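Engineer: Please see the structure below; I have some questions.
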Amino acid sequence: MTRTAGAVTIGQTPRADLLEPLLARLPADVEVVEVGALDPLGPHDLPKGGGGAHPLTTRLRDGGPVTLDEAFLAPLVQAALDEAERRGATTTLLLCAGGFPDVRARGVLVHPFDAAVAELRALAAVRIAVVVPIEAQVSPSERKWRAAGFDPVVIVGSPPALDAVTGISAEVLDYVGHSAADVAALRAALTVPLIDLGEAGAAAAAARFR
């Protein structure tokens, strides 16, 4: 019998690049239902200016980048999750580094941030270097990692790069969407463990189907 996993992006689908880490880890009998929070919207439906208290970056169907606040996206993510579950998803992976604490699932919703926190705690990591893609995410990222019990040094890097940060026990790519090649290259160059939110979320979601 075919089982169904959900994949919800905060942008528009299709996003084969975001699905790759999940597809690589799922058993062959699991089908993936992909839904985008912005799928029902056109460019004129998006707020002007972007940003906000919790800015998140994503892409539209034409490949164009967009930055939107988590508060604007939250009800759209909820609707996308509801649609994935309506189509049979029992476990859904949120393809975003944002928290979305008010989004609720009938089944299981996997947050990459929570999955990364679990991996870091297993490593007993405290002081961490955190890489975000844009300057506007530095303060929100620092707040969320401190709230989770870590001592973060937040760096802006795209492609991800590590500045000279001493005394860290792990590095975190606080973004879902880095290519496997970029992650592998950075991991090979580091002397500390590297946690990529995209990989962490995919591994946690795939584990629900073992």
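The values are calculated or read from the model by the stated rules, or taken from the named source; none is laboratory data. None of these values were measured; they are calculated from a predicted model. Every residue, glycine as well, gets a Cβ built from its backbone with ideal geometry; the counts of neighbours run over all protein chains shown.
Engineer: Out of the residues in segment 172-210 that are buried (at least 24 other Cβ atoms within 10 Å of the Cβ) and charged (D, E, K, R), state the one that is farthest from Pro152 (Cα to Cα).
Structural biologist: Only one residue fits best here, namely Glu199.
Engineer: Say whether the condition of being within 14 Å of the chain's Cα centre (by Cα), assigned by TED's automatic domain parsing to the domain that holds Pro21 and among the aromatic types (Phe, Trp, Tyr) is met by at least one residue in segment 95-103.
Structural biologist: Checked segment 95-103: at least one residue is within 14 Å of the chain's Cα centre (by Cα), assigned by TED's automatic domain parsing to the domain that holds Pro21 and among the aromatic types (Phe, Trp, Tyr).
Engineer: Something else: Considering only residues of segment 141-153 that are closer than 27 Å to Leu19 by Cα and buried (at least 21 other Cβ atoms within 10 Å of the Cβ), which is farthest from the chain's Cα centre (by Cα)?
Structural biologist: Taking the candidates together, the pick is Trp145.
Engineer: Among (1) free of Cβ contacts under 8 Å to residues at least 40 places away in the same chain; (2) outside any loop (DSSP other than H, G, I, E, B); (3) farther than 20 Å from Ala16 by Cβ, which single condition is Thr191 missing?
Structural biologist: (2)
Engineer: Taking Leu123 as meeting all but one of (1) assigned by TED's automatic domain parsing to the domain that holds Val183; (2) surrounded by fewer than 17 Cβ atoms within 10 Å (Cβ to Cβ); (3) at pLDDT below 95; (4) in contact with a Pro (Cβ under 8 Å, 6 or more places away or on another chain), write down the number of the exception.
Structural biologist: Going through (1) assigned by TED's automatic domain parsing to the domain that holds Val183; (2) surrounded by fewer than 17 Cβ atoms within 10 Å (Cβ to Cβ); (3) at pLDDT below 95; (4) in contact with a Pro (Cβ under 8 Å, 6 or more places away or on another chain) one by one, Leu123 breaks only (3).
Engineer: Any idea which residue in segment 161-171 is farthest from Ala125 (Cα to Cα), counting only those that are crowded, with 16+ Cβ neighbours inside 10 Å and of a type in the set (A, V, I, L, M)?
Structural biologist: Across segment 161-171, the extreme among qualifying residues is Leu162.
Engineer: Within the group Val138, Val130, which residue is surrounded by fewer than 21 Cβ atoms within 10 Å (Cβ to Cβ) and farther than 18 Å from Glu20 by Cα?
Structural biologist: The unique qualifying residue is Val138.
Engineer: Tell me the residue from Val132, Val77 that is under 16 Å from the mean Cα position of the chain (by Cα), assigned by TED's automatic domain parsing to the domain that holds Val183, under 21 Å from Ala200 (Cβ atoms) and not acidic (Asp, Glu), please.
Structural biologist: On inspection, the qualifying residue turns out to be Val132.
Engineer: Condition check: closer than 23 Å to Glu70 by Cα and either in contact (Cβ under 8 Å) with a residue 12 or more places away in the chain or charged (D, E, K, R) (or both). Does Glu119 satisfy that?
Structural biologist: Answer is no for this residue.
Engineer: Next question, about the same structure. Suppose the filter is polar (S, T, N, Q) and either within 25 Å of Ala206 (Cα to Cα) or assigned by TED's automatic domain parsing to the domain that holds Val138 (or both); does Thr67 pass it?
Structural biologist: no
Engineer: Now for a different question. Within segment 24-36, is even one residue charged (D, E, K, R), outside any loop (DSSP other than H, G, I, E, B) and farther than 24 Å from Trp145 by Cα?
Structural biologist: yes
Engineer: Something else about it: Among the candidates Leu46, Leu94, Leu19, which residue alone is at negative phi, modelled with pLDDT under 95, surrounded by 13 or more Cβ atoms within 10 Å (Cβ to Cβ) and among the hydrophobic types (A, V, I, L, M, F, W, C)?
Structural biologist: Leu46
Engineer: Report, ordered by the first and then the second residue, all pairs with beta carbons closer than 8 Å, sequence separation of six or more or different chains, a first member in segment 71-97 that is more than 21 Å from Asp114 (Cβ to Cβ), and a second member that is modelled with pLDDT under 95.
Structural biologist: Listed by first residue and then by second, the contacts come to Phe72/Pro47; Phe72/Gly52.
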